[in-house]
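The values are calculated or read from the model by the stated rules, or taken from the named source; none is laboratory data. Quick caveat: nothing in here was measured; it's all calculated off a predicted structure. Positions of Cβ are backbone-derived with ideal geometry, glycine not excepted, and every protein chain shown enters the neighbour counts.
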Amino acid sequence: MQLLQNKTALVTGAGSGIGRSIARAYARNGAKVVIADIDETGGNDTVEMIRQEKGTAFFVKTDVSRPADNERMVAAAVEQFGALHIACNNAGIVGELARVGKYPIESWDRVIAINLSGAFYGMRYQLPALQQSGGGAIVNIASVLGQAGGDGLSAYTAAKHGLVGLTKSAALEYAQRNIRINAVGPGYIDTPMLHQNLPAEQHPIIRQMHPIGRLGRPEEVAELVLWLSSEKASFVTGAYYSIDGGFLAR
Ligand code: NAP
């Protein structure tokens, strides 16, 4: 029996990087997966990869910063697969790099809207669907910057700290309703986001910030998310799990 047999799952930001790896891990372990992303090409590519691996997936174009898109994404999952058991709120952006005293207001609003409000809107519609299906699990993708400060990254850091708090509160509310809700905090992971936001000359400095001495891989994050999403983690809720090569141990 596969880990997520007869389960249906939804992953936001699944058209790239960490989200794509999570969606593929879910599908390889038997789940039917909804790929939600603002990027149609990336989202459809993920669906194609999953189908080539004999999995089941479909794409729903979703901007997580829009409540109505989240409602539509969840409705599509239930309509297509009959129920929703697992959701991973992973979509996120870095935003501008600037000191708080110079931080562009529009960038602050956009980062909070996607990284924090986006996860709230997601859970706002996922939780009733999970209750309807008898329970399940939600994993929110935070960051090491959900626990530590980030120089020049105030909006991102505030959003990720907020996401950890949101995760804990929701976990308390649903602990006796058979829904587990956890946060995962990756260190720097080798994805398009990293390459878009970090010039190559900074990579050695970033690697050194991780005692293991390298960047993480999206597949490594997916392994933890898969476990938290499965019944193997049946006594785990309201937790923040680091996956950061030792970054926060310093
Ligand atoms: P990524 O490669 O940029 O993938 C993120 C995906 O989300 C992209 O397909 C992106 O589309 C999509 N997206 C952006 N805005 C969206 C929106 N409003 N609605 C729906 N989808 C949207 O990033 P990643 O590195 O895999 O990051 C995934 C998550 O992990 C994020 O929450 C990030 O903060 C977190 N994280 C990443 C790292 C890291 O080092 N990579 C470390 C810690 C935490 P576009 O490409 O069109 O924008």
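Quick rundown of the values:
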quantity: Sole exception among (1) within 16 Å of the ligand (Cβ to nearest atom); (2) touching a residue at least 40 places away in the same chain (Cβ under 8 Å); (3) charged (D, E, K, R) for Lys168, by number; calculated: (1)
quantity: Pair list, Cβ < 6 Å and 6+ apart or interchain, from the range 8-37 residues that are touching a residue at least 12 places away in the same chain (Cβ under 8 Å) to residues that are among the hydroxyl-bearing types (Ser, Thr, Tyr) and more than 10 Å from the ligand (Cβ to nearest atom); calculated: Ala9/Tyr26; Lys32/Thr8; Lys32/Thr56; Val33/Tyr26
quantity: Residue that is nearest to Glu48 (Cα to Cα), among those in the range 60-82 that are near the ligand (Cβ under 8 Å from one of its atoms) and acidic (Asp, Glu); calculated: Asp63
quantity: Of all residues in the range 122-145 being over 15 Å from Gly165 (Cα atoms) and hydroxyl-bearing (Ser, Thr, Tyr), the one that is farthest from the chain's Cα centre (by Cα); calculated: Ser133
quantity: Filtered residues of the range 14-34 (kept if under 13 Å from Ala91 (Cα atoms) and more than 10 Å from the ligand (Cβ to nearest atom)); calculated: Ala23
quantity: Residues being touching a strand residue (DSSP E or B) at 6+ places or on another chain (Cβ under 7 Å) and either more than 24 Å from Pro128 (Cα to Cα) or of a type in the set (Gly, Ala, Ser) (or both) - total across the range 149-175; calculated: 3
quantity: Condition met for Ala175 (buried (at least 18 other Cβ atoms within 10 Å of the Cβ), at pLDDT 95 or above and under 28 Å from Glu71 (Cβ atoms)); calculated: no
quantity: Long-range neighbours under 9 Å by Cβ, at least six apart or interchain, first residue on the phi < 0 side of the Ramachandran plot within the range 233-250, second assigned to a loop (DSSP other than H, G, I, E, B) and aromatic (Phe, Trp, Tyr); calculated: Asp244/Tyr188; Phe247/Tyr188
quantity: Cross-chain or 6+ apart pairs with Cβ under 6 Å, the range 83-108 first and closer than 20 Å to Tyr188 by Cβ, then among the aliphatic types (A, V, I, L, M) and part of a loop (DSSP other than H, G, I, E, B); calculated: Ala91/Val64
quantity: Scan of the range 120-169 for residues that are of a type outside the set (Ser, Thr, Tyr), buried (at least 24 other Cβ atoms within 10 Å of the Cβ) and under 24 Å from Thr8 (Cα atoms), ordered by number; calculated: Gly122, Gln126, Leu130, Gly136, Ala137, Ile138, Val139, Asn140, Ile141, Ala142, Leu163
quantity: Where a residue in the range 133-145 is closer than 18 Å to Ile22 by Cβ and its partner, wherever it lies, is away from the ligand (no atom under 16 Å from the Cβ) and assigned to a helix (DSSP H, G or I), with Cβ under 7 Å and at least six apart; calculated: Gly136/Leu130
quantity: Residue match in the range 58-66 (condition: under 12 Å from the mean Cα position of the chain (by Cα) and either surrounded by fewer than 23 Cβ atoms within 10 Å (Cβ to Cβ) or modelled with pLDDT of 95 or more (or both)); calculated: yes
quantity: The range 174-185, residues that are in contact with a Ser or Thr (Cβ under 6 Å, 6 or more places away or on another chain) and near the ligand (Cβ under 9 Å from one of its atoms); calculated: Gly185
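For every residue, the table says whether it meets (1) touching a Cys at 6+ places or on another chain (Cβ under 9 Å); (2) within 15 Å of the ligand (Cβ to nearest atom); (3) of a type in the set (D, E, K, R); (4) closer than 29 Å to Trp227 by Cα.
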{"site": "Tyr103", "(1), (2), (3), (4)": "no, no, no, no"}
{"site": "Ala129", "(1), (2), (3), (4)": "no, no, no, yes"}
{"site": "Gly150", "(1), (2), (3), (4)": "no, yes, no, yes"}
{"site": "Tyr156", "(1), (2), (3), (4)": "no, yes, no, yes"}
